[in-house]
Amino acid sequence: MHPAFSVIFLTTLIGAGQGLFLALFSAELGARLGWLDPADAGFYVGGAVLVCGLMVMGLIASIFHLGRPERGWRAATRWRTSWLSREIIVLPLFVAGAVAYGAAHWIQGAVWMQQLPVSTLTIGAVTALLSLALFVSTGMIYACLKFLQEWATPLTVANYLLLGCASGFTLATAYAAAAEPVLAPFFGACALALSGLAFVTRSASLIRNARLKPRSTLQSAIGIKHPRIVQKSQGFMGGSFNTREFFHGRSRSFVRAVKWLFLLGAFALPALLLAAGLAGAPRVAIVVAFGIQYVGLLAERWYFFAQSNHPQNLYYQSIA
């Protein structure tokens with residue numbers, strides 16, 4: 001498939017935002033249970049602002065993928081059958097929950113002994129569930145496409161969830177190192193664990209996809225059972241929608257290089273920098289870890305789209 005950079009930025013930005021919110025909520029839950037030191041209300045307010053900023057940037061990026069942006073709202077009308085519609089509905093609900101979460105902490109921090117009718121923990125729990133629902137909806141947009149064998153697997157949803165959480169917790173580590181250092185070890189340990197799990201599931205999907213055999217052939221496509229069919233012409237000399245949108249047009253060596261780039265950038269290098277930062281290296285190492293990991297995730301998402309092989313490429317790819 002041809003990777004659309006608007007979708008690449010959309011999924012990586014909102015994934016990091018969702019993961020960051022889950023990190024904030026887990027820190028508050030841990031503090032309420034007595035497992036972690038409590039953080040100042042301003043820490044949660046600032047974190048909620050970061051979450052909303054990432055979500056807004058993702059939404060802005062998504063606009064460039066729409067041919068008619070003014071009609072984009074209509075995509076939400078098919079929520080009974082479309083995972084895309086469900087994503088469009090859940091996403092603003094999640095953003096609203098993040099805003100409410102930050103506002104609740106701001107009110108409790110600004111007014112002495114102010115008690116809200118609903119606790120921040122309750123708002124956070126509801127928003128965390130919305131975050132998980134958004135991860136599932138985004139992943140299922142691709143996992144439900146049975147004719148794209150590389151995507152049609154539960155590993156697709158697992159990778160969207162784990163990669164988003166890993167980047168979100170890495171960002172939370174960098175944020176805590178500057179605003180609430182006592183929480184940085186907790187976020188860093190979670191980021192390392194989530195990155196490790198993401199590496200396992202992403203590697204599993206790479207191994208699975210490398211062993212796939214196309215279900216369609218030239219014989220089945222045209223209904224001829226002859227063992228040897230040679231394609232001589234595409235039927236026209238110029239390009240078309242099919243040749244532009246369903247094939248990335250890059251060489252195999254380029255795609256292979258992107259695979260190693262994201263394996264290093266999304267997993268190995270950030271893990272080393274995170275471990276160094278938690279061990280006493282300058283805090284900038286953790287910030288750099290998030291930056292490198294995000295670039296690695298951009299490469300991972302490009303590879304995710306480029307690796308999927310649309311059945312129509314049996315005909316068009318060999319000639320285009």
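Some points to look at:
- Of the residues Ala306, Ala271, the single one that is part of a helix (DSSP H, G or I), surrounded by 14 or more Cβ atoms within 10 Å (Cβ to Cβ), within 28 Å of the chain's Cα centre (by Cα) and modelled with pLDDT of 95 or more is Ala271.
- Scope region 188-211; condition of a type in the set (D, E, K, R) and free of Cβ contacts under 8 Å to residues at least 40 places away in the same chain; matching residues: Arg211
- Residues that are assigned to a helix (DSSP H, G or I), at pLDDT below 95 and either surrounded by fewer than 18 Cβ atoms within 10 Å (Cβ to Cβ) or charged (D, E, K, R) (or both) within region 109-141 comprise Gly109, Ala110, Leu121, Thr122, listed in sequence order.
- For region 60-88, a tally of residues being at pLDDT 85 or above and surrounded by 15 or more Cβ atoms within 10 Å (Cβ to Cβ) returns 8.
- Among the residues of region 243-262, those that are out of contact with any His (no Cβ under 9 Å at 6 or more places or on another chain) and touching a residue at least 40 places away in the same chain (Cβ under 8 Å) comprise Thr243, Arg250, Val258, Lys259, Phe262.
- Boolean, Arg208 is among the basic types (Lys, Arg), closer than 30 Å to Ala193 by Cα and surrounded by fewer than 17 Cβ atoms within 10 Å (Cβ to Cβ): yes
- Qualifying residue in region 211-224 (condition: within 25 Å of Phe199 (Cα to Cα), in a helix (DSSP H, G or I), within 30 Å of the chain's Cα centre (by Cα) and modelled with pLDDT of 80 or more): no
- Neighbours by Cβ (under 7 Å, 6+ apart or cross-chain): first from region 84-95, charged (D, E, K, R); second not in a helix (DSSP H, G or I): Arg86/Trp79
- Scan of region 29-44 for residues that are surrounded by 19 or more Cβ atoms within 10 Å (Cβ to Cβ) and more than 13 Å from Val182 (Cβ to Cβ), ordered by number: Tyr44
- Of the residues contained in region 18-40, none is found to be more than 20 Å from Ala189 (Cβ to Cβ) and either part of a helix (DSSP H, G or I) or modelled with pLDDT of 95 or more (or both).
- Among all residues of region 163-181, there is at least one that is at pLDDT 95 or above, in contact with a Cys (Cβ under 6 Å, 6 or more places away or on another chain) and either exposed (fewer than 13 other Cβ atoms within 10 Å of the Cβ) or of a type outside the set (D, E, K, R) (or both).
The values are calculated or read from the model by the stated rules, or taken from the named source; none is laboratory data. As the structure is a prediction and not an experimental result, all values here were calculated from the model. Counting neighbours? That spans all protein chains shown, and the Cβs are built from the backbone with ideal geometry, glycine included.
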